[in-house]
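Q: Sharing a structure here in structure tokens format.
The values are calculated or read from the model by the stated rules, or taken from the named source; none is laboratory data. Only a predicted model underlies this, so the values are computations on that prediction, with no experimental measurement involved. In this analysis, Cβ positions are derived from the backbone assuming ideal geometry, glycine residues included, and neighbour counts consider all displayed protein chains. Keep in mind that these areas ignore ligands, DNA and RNA; they rest on the heavy atoms of the full protein, side chains included. Shrake-Rupley method; radii C 1.70, N 1.55, O 1.52, S 1.80 Å.
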Amino acid sequence: MSKWSRMEKELELLKEKNLFRNMTIFDSAQSTQVMVEGEQRYLFSSNSYLDMCNDSKVKEYAAGVMDEYGIGSGGSRLTTGTSRIHIQLEAVIAALKKREAALVFNTGYMANAGIISALTRKGDVIYSDELNHASIIDGCRLSKADLVIYRHNDMKDLEKKIRANPGRCGLIVSDGVFSMDGDIVNLPGLVELANRYELLSMIDEAHATGVIGATGRGTEEYYSMEGSVDVLMGTLSKSIGSEGGFVCGSHTLIQYLINKARSFLFSTALSPVSMAASIQGIRQIMECPQRVRKLQDNIRYCCEALKKRGINAFSETAIIPVIIGDEGRAMEIMELLKQRSYYISAIRYPTVAKGSARLRITLMSSHTPKEIDGLADALAACMMNANER
Ligand code: PMP
């Protein structure tokens, strides 16, 4: 037995179960068409929903900031790492989300880990949706509070569980748009329960910002409930096309997190270049709501196109999951799609439950109806071919 044998065995097991993972290498900017594994492919699996990763205005603005501020930030936010650009970005995020203040973290993952563990303490209860993102789960794991999982988007189950813990402080946390299913949180129900039982409400806007609501401001705008969530968290890495995480809310919340969130305190601040890209990306959303509308049109068009070809698909968000079930079959369809020049990621356990593997189609505002029809044709054919095996 060598010291590596445990790892080797585990890796073999993953391979046997079709759960072994590799990285796919892209040789171009992330947009509707990409160079991947040496081939040009139509990309229908990126989180760059507004096609902002390669936007010329964003790149120009970021390049100007790079000239002035350089590359690295040189320190953590509370030592030497806060540049004027960070402050500007936080003001733009607060304006987008209509809040008193905002705070940027290095990633969405770090935001969730830092916020949840800072806001809750021993004796508290965290109520978390069973389909919440892994970064929320890990934030809960870092917290000393007790964790209670409620059934997906089920407000009756949530209330029952809150009532089983009378008088205890805590937090209800949910994705706004669920990352692997593309459905939307029952915000009216969640906020009502949080207020009635004097719990903090926290929503993760990673897949909602730039996607839902008439002008892309996210879950609160979708429900016309602006200002109702206590802790509004999000990422800059999806529709905004850059990188970083954020939280926004009251001055008290932000000051508390600046002082208490360990993932904020103890990590070098993001590069001014990424911050600048985020500022310009958010401006594009605020100044150009047509881009969001184009994405929303594409979502409707794609669901229709899939249905016409007999594929069960419904979504109001940029995430359209096509549930396959078997992990091996999902991987096979993904490979067949590649042969037809389409790239869609197959999502498997542990990202989703065992036996619920899926193809996670995501749309961009810049996909054309022709490209979407092409994808629907190819997917229908590949699902049929995989069936026959
Ligand atoms: N929350 C959700 C719902 C996500 O889907 C993700 C990323 N997949 C994150 C948080 C983490 O964000 P980031 O990628 O910026 O770390």
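Q: Mind listing the phi-derived Karplus ³J(HN,Hα) values for the range 227-244, rounded to whole Hz, using 6.51, -1.76 and 1.60 with θ = phi - 60°, and x for any glycine or proline?
A: Couplings: x, 8, 8, 6, 10, 9, 10, x, 10, 9, 9, 10, 4, 7, x, 10, 8, x Hz.
Q: So, one more: Tell me, what is the percent relative contact order of the range 203-270, built from C-alpha pairs under 8 Å that lie six or more residues apart?
A: 22 percent
Q: Further, regarding this structure: Can you give the % of DSSP beta bridges in the chain that are antiparallel, to the nearest 5?
A: Once the DSSP bridges in the chain are tallied, antiparallel ones form about 55 percent.
Q: Would you kindly give the portion of the calculated P(r) for the range 202-257 that falls above 18 Å, as a percent of all Cα pairs?
A: Everything past 18 Å amounts to 31 percent.
Q: Something else now. Run the helix sum for the chain: -39,500 (n - 2.57) per DSSP H stretch of 4+ residues, divided by residue count, reported at 222 nm to the nearest 500 deg cm²/dmol.
A: Only helices count here, giving -13000 deg cm²/dmol.
Q: Extending each Cα 7 Å along its Cβ direction at Ala91 and Ala380, get the distance between those two points in nm, one decimal.
A: Here the modelled spin labels are 5.3 nm apart.
Q: Starting from the Cα gyration tensor of the range 161-273, take the square roots of the eigenvalues, sort them a ≥ b ≥ c, and report rounded, prolate or oblate (rounded when a/c is under 1.5, otherwise prolate if a/b is larger than b/c, else oblate).
A: It is oblate, given that a/c is not under 1.5 and a/b is not larger than b/c.
Q: Also: Given springs between every Cα pair under 10 Å in a Gaussian network model of the chain, which of Val104, Val211, Val322 has the largest fluctuation?
A: Comparing Val104, Val211, Val322 in a Gaussian network model of the chain, the most mobile one is Val322.
Q: Sticking with this one: Mind telling me which of Pro272, Pro166, Pro321 comes out most flexible in a GNM of the chain, alpha-carbon contacts under 10 Å?
A: Of Pro272, Pro166, Pro321, the Gaussian network model singles out Pro166 as fluctuating most.
Q: Does the range 1-150 classify as rounded, prolate or oblate by the C-alpha gyration tensor (a ≥ b ≥ c root eigenvalues; a/c under 1.5 gives rounded; else a/b over b/c gives prolate, otherwise oblate)?
A: Because a/c hits 1.5 or more and a/b fails to exceed b/c, the range 1-150 counts as oblate.
Q: What percentages, rounded to whole numbers, describe P(r) for the range 93-161 computed over all alpha carbon pairs with 10 Å bin width beginning at zero?
A: With a bin width of 10 Å, the distribution comes to 20, 40, 33, 6.
Q: Please work out how much accessible surface Thr215 shows to a 1.4 Å probe, ignoring ligands, DNA and RNA, in Å² rounded to 10.
A: 50 Å²
Q: Still on this structure: Shape of the range 63-117 from its Cα gyration tensor (a ≥ b ≥ c, root eigenvalues): rounded if a/c is under 1.5, otherwise prolate when a/b > b/c, or oblate?
A: It comes out oblate by the Cα gyration axes.
Q: Still on this model: Using 0.36 nm per residue of separation minus the Cα-Cα distance, give me the extension gain between Glu60 and Ile323 in nm, one decimal.
A: Fully extending the segment from Glu60 to Ile323 adds 90.7 nm.
Q: State, as an integer percentage, the relative contact order of the chain based on alpha-carbon contacts under 8 Å between residues 6 or more apart.
A: The normalised contact order for the chain reaches 22 percent.
Q: In addition: Under the 0.36 nm per residue contour assumption, what length would be gained going from the current alpha-carbon distance of Thr268 and Lys15 to full extension?
A: Working it through step by step, the gained length comes to 87.4 nm.
Q: Still on this model: Using the Cα atoms as the points, what is the convex hull volume per residue of the chain in Å³?
A: Spelled out: Cα convex hull of the chain, divided by residues, is 165 Å³.
Q: Something else: Who wins for biggest fluctuation among Ile320, Ile258, Ile361 in a Gaussian network model of the chain, springs between alpha carbons below 10 Å?
A: Among Ile320, Ile258, Ile361, the largest GNM mean-square fluctuation belongs to Ile258.
Q: At a probe radius of 1.4 Å, what is the per-residue accessible area of Lys161, in Å² to the nearest 10?
A: Rounded to the nearest 10, that gives 60 Å².
Q: Given the whole protein assembly as supplied and a 1.4 Å probe, what does the accessible area of Leu253 come to in Å², nearest 10?
A: The accessible area of Leu253 comes to roughly 20 Å².
Q: Right, something else. Do the alpha carbons of any pairs in Lys97/Lys144; Lys161/Lys260; Lys57/Lys294; Lys59/Lys238; Lys59/Lys294 sit beyond 24 Å of each other, and which pairs?
A: Among Lys97/Lys144; Lys161/Lys260; Lys57/Lys294; Lys59/Lys238; Lys59/Lys294, the Cα-Cα distance tops 24 Å for Lys97/Lys144; Lys161/Lys260.
Q: Hey, another quick one. For the range 247-389, give the magnitude of the charge dipole about the Cα centre (Cβ charges: +1 Lys/Arg, -1 Asp/Glu; no others), in debye to the nearest 20.
A: Here the size comes out at about 240 debye.
Q: Leaving out same-chain residues fewer than 8 places away, which lysines sit with a Cα under 24 Å from that of Lys3?
A: Leaving aside lysines fewer than 8 places away in the same chain, those within reach of Lys3 are Lys15, Lys17.
Q: Taking Rh as the Kirkwood radius computed over C-alpha pairs, what is the Stokes-Einstein D of the range 232-292 at 25 °C in a medium of viscosity 0.890 mPa s, expressed in µm² per second?
A: For the chosen part, D equals 190 µm²/s.
Q: Can you tell me the equivalent ellipsoid semi-axes for the range 304-363? Use √(5λ) from the Cα gyration tensor, largest first, whole Å.
A: Its equivalent ellipsoid spans semi-axes of 18, 15, 11 Å.
Q: Could you tell me which chymotrypsin sites (Phe, Trp or Tyr not before Pro) in the range 220-266 are loop residues by DSSP with no more than 14 other beta carbons within 10 angstrom of their beta carbon?
A: Loop-located and lightly packed - Phe266.
Q: Taking the Cα centre of the chain as origin, work out the dipole magnitude from +1 charges on Lys and Arg Cβ and -1 charges on Asp and Glu Cβ, in debye rounded to 20.
A: Charge dipole of the chain: 620 debye, to the nearest 20.
Q: Something else about it: Which three semi-axes in whole Å describe the equivalent ellipsoid of the range 247-358, each the square root of 5 times a Cα gyration tensor eigenvalue, listed largest first?
A: Sorted largest first and rounded, they come to 36, 22, 15 Å.
Q: Give a quick list of GluC sites (Glu not before Pro) in the range 51-102 that DSSP marks as loop, anything other than H, G, I, E or B, with at most 14 other Cβ atoms within 10 Å.
A: Within the range 51-102, the qualifying GluC sites (Glu not before Pro) (loop, at most 14 other Cβ atoms within 10 Å) are Glu100.
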